[in-house]
1. Can Asn127 be described as within 17 Å of the chain's Cα centre (by Cα), of a type in the set (S, T, N, Q) and either modelled with pLDDT of 95 or more or open to solvent by 40 Å² or more (accessible area, probe 1.4 Å) (or both)?
2. Which of the residues that make up segment 137-164 are open to solvent by less than 70 Å² (accessible area, probe 1.4 Å) and either more than 27 Å from Lys62 (Cβ to Cβ) or over 16 Å from the mean Cα position of the chain (by Cα) (or both)?
3. From Tyr129, Tyr146, Tyr107, grab the single residue that is among the aromatic types (Phe, Trp, Tyr) and assigned to a loop (DSSP other than H, G, I, E, B).
4. Where in segment 1-100 are there strands (runs of 3 or more DSSP E), lying fully within it, with 2 or more residues that are open to solvent by 70 Å² or more (accessible area, probe 1.4 Å)?
5. Can Phe63 be described as in contact with an Asp or Glu (Cβ under 6 Å, 6 or more places away or on another chain), more than 27 Å from Asn142 (Cα to Cα) and in contact (Cβ under 8 Å) with a residue 60 or more places away in the chain?
Amino acid sequence: MAGGCFWGTEHYFKQIEGVVETEVGFANGHTKNPTYKEVYTDTTGYAETVHVKYDPDIVSLKFLLRMFFKAIDPVSVNRQGHDEGTRYRTGIYYTDADDLKIIDKVYADEQKHCQQPFAVEKLPLNNFYCAEEYHQDYLEKNPNGYCHLPLSLFEFAKNAKDKK
């Protein structure tokens, strides 16, 4: 999932019960093995993305998608918070075509609450490259590091429970 700067998006998802692993990286661009410095130029086509692995016995894809929409401005084009550029676009990139039904349903439900059309991409994951190590778990390593998300959102994610 691409929700703007991947530091905060990763930290947000890590708070959700049932998320077992996260990895920040770059998705759906057109170069091989991009570096953060290259992606930052907005010439590679990549979005800062968080690969989220979860335990479906604890949390559902539907719940994770609903949580995703609580952490983004879905109508903003190439911008989240103060971060601006194509690398900060929002997106849901899937690897299992069967998930698209769930993605479409949540997307449509969320869109009903908004007058403007969503700018969130819904696309198959074409490629994903892991970001450099210093980006992984960035806000855990740097508790006072920059984040476009409010601290209250992390607490919200920590307390949110999937009512499966």
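1. Numbers: within 17 Å of the chain's Cα centre (by Cα): yes; of a type in the set (S, T, N, Q): yes; either modelled with pLDDT of 95 or more or open to solvent by 40 Å² or more (accessible area, probe 1.4 Å) (or both): yes.
In short, yes.
2. Passing the criteria: Tyr138, Asn142, Gly145, Ala160, Asp162.
3. On the way: Tyr129 fails: assigned to a loop (DSSP other than H, G, I, E, B); Tyr107 fails: assigned to a loop (DSSP other than H, G, I, E, B).
Among Tyr129, Tyr146, Tyr107, only Tyr146 is among the aromatic types (Phe, Trp, Tyr) and assigned to a loop (DSSP other than H, G, I, E, B).
4. On the way: elements: 19-27, 47-54, 90-94.
Correct list: 19-27, 47-54.
5. Numbers: in contact with an Asp or Glu (Cβ under 6 Å, 6 or more places away or on another chain): yes; more than 27 Å from Asn142 (Cα to Cα): yes; in contact (Cβ under 8 Å) with a residue 60 or more places away in the chain: yes.
Answer is yes for this residue.
The values are calculated or read from the model by the stated rules, or taken from the named source; none is laboratory data. Quantities reported herein were computed from a predicted structural model and do not represent experimental measurements. A quick note on method: Cβ atoms are made from the backbone with ideal geometry, for glycine too, and the neighbour counts reach across all protein chains shown. Only protein heavy atoms, including side chains, enter the accessible area calculation; ligands, DNA and RNA are left aside. Shrake-Rupley method; radii C 1.70, N 1.55, O 1.52, S 1.80 Å.
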